1. Mind checking which residues of region 204-248 are more than 22 Å from residue 176 (Cβ to Cβ) and of a type in the set (S, T, N, Q)?
2. Which residues, taken from region 183-219, are away from the ligand (no atom under 12 Å from the Cβ) and charged (D, E, K, R)?
3. Conditions first: (1) within 16 Å of the ligand (Cβ to nearest atom); (2) closer than 18 Å to residue 202 by Cβ. Residue 110 passes all but one, so which condition is the exception?
4. Being within 13 Å of the ligand (Cβ to nearest atom), among the charged types (D, E, K, R) and surrounded by fewer than 22 Cβ atoms within 10 Å (Cβ to Cβ) is the requirement here; does residue 14 meet it?
5. So how many residues does region 75-99 have that are of a type in the set (Gly, Ala, Ser) and within 11 Å of the ligand (Cβ to nearest atom)?
6. Somewhere in region 153-173, is a residue open to solvent by 30 Å² or more (accessible area, probe 1.4 Å), away from the ligand (no atom under 15 Å from the Cβ), more than 27 Å from residue 105 (Cα to Cα) and of a type in the set (S, T, N, Q)?
7. Can you list residue pairs whose Cβ atoms sit under 6 Å apart, with the first residue in region 200-227 being within 20 Å of residue 23 (Cβ to Cβ) and of a type in the set (D, E, K, R) and the second being more than 14 Å from the ligand (Cβ to nearest atom) and assigned to a helix (DSSP H, G or I)? Count only pairs 6 or more apart in sequence or on different chains.
8. Name the residues in region 46-73 that are open to solvent by 50 Å² or more (accessible area, probe 1.4 Å), away from the ligand (no atom under 16 Å from the Cβ) and hydrophobic (A, V, I, L, M, F, W, C), would you?
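The values are calculated or read from the model by the stated rules, or taken from the named source; none is laboratory data. This is a predicted model, so every value here is computed, not measured. Counting neighbours? That spans all protein chains shown, and the Cβs are built from the backbone with ideal geometry, glycine included. With ligands, DNA and RNA removed, areas are computed over all heavy atoms of the protein, side chains included. Shrake-Rupley method; radii C 1.70, N 1.55, O 1.52, S 1.80 Å.
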Amino acid sequence: MKAFRSPSRSFASDNNAGVHPEMIEAIKAANEGHVVAYGADPFTARAEKTFQKHFGRNSAVYFVFGGTGANVLGLQAITKSYQAVICAETAHINVDECGAPEKFSGSKLLSVSTPDGKLKVDLIKHFLHGVGFEHHVQPGVISVAQATEMGTVYSKTELKELSSFAHKNNMLFHMDGARISNAAVSLNASLKEITIDCGVDVLSFGGAKNGMMYGEAVVFMDKKRAEDFKYIRKQGMHLPSKMRFISAQFDALLSGDLWKKSATHSNRMAKILADQLVEIPQLKLTQPVDSNGVFITIPKKYIMALQKKYFFYVWNEAISEVRLMTSFDTTEEDIVDFVALVKKTVK
Ligand SMILES: Cc1ncc(COP(=O)(O)O)c(C=O)c1O
């Protein structure tokens, strides 16, 4: 029997992956001489143009250190403290940001339970009943994650339904796009088609989960909404002094098709992983595999033994559901080895 090598890659998170070699090259190439700090440099100017090629000349992009910061500051820019942000119960802004959106924007989050991480108009329309009533928080923003925290992907029609509901009711439409590239390739669509064309007003654009070392972006589809954002970003402690290294990575990611290649690969790896795991009768998929996440139940008694070799997170203990993520560097061999271990363990 084949001996298991100690795995150097796991399925815990796309954040656990290293940095794509082309990002390292981009950082190296930007590491020449001195340039003006805080974004007044040629690398940032180029990356801003690249973003405008994707999102149009009326858009404005701001680079920040991380995804929580992108969400929090993007939301802060478009809400008043008496306004609320409607989101899914499973949303990163609701469960994984340590209350930062509430603390920094002052806005309450109104969350709803969803079967698949996706908001729908029917699930959220009751939040409008207190509009105009001063005792109630006023819904100001609908925030979706694309792809969702459950690995699912909104169709363009689903996004348009939510954005028109938002706009008809004087709300804005925010998208947490930590995995926007995975969503776009899943829908075989451009970045523009699943954002601005679907009514998105403000987007957190993910870099780290698609191979960057660090760095995310806040994209305003209408630059008029960004008039104060440079102050909000600085006050919010997300103005990188050596911004050129974030900008250079984004430019390398988005000026060609690297963003697409990496996301296509990680999505494909997730499909292969899921297809092989569902062959094991005790394992059941809990969500469609639309992007690079596989949500699957594994009987509890086997989980610890598997985690010893391949660390991954239990997502919902009540149903013994685990989350397995693939990334730009997952290989088919990683999957073969992991599935063999699962087959050997789950008898
Ligand atoms: C949906 C989603 N949004 C945002 C983030 C960004 O978080 P961070 O602040 O860790 O970069 C993550 C990271 O796990 C995420 O999964």
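1. Across region 204-248, the qualifying residue is only 241.
2. 192, 193, 197, 201, listed by residue number.
3. Status for residue 110: all satisfied but (1).
4. no
5. 2
6. So far as region 153-173 goes, yes, one or more of its residues are open to solvent by 30 Å² or more (accessible area, probe 1.4 Å), away from the ligand (no atom under 15 Å from the Cβ), more than 27 Å from residue 105 (Cα to Cα) and of a type in the set (S, T, N, Q).
7. Sorted first by the residue in region 200-227, then by its partner, the list stays empty.
8. none
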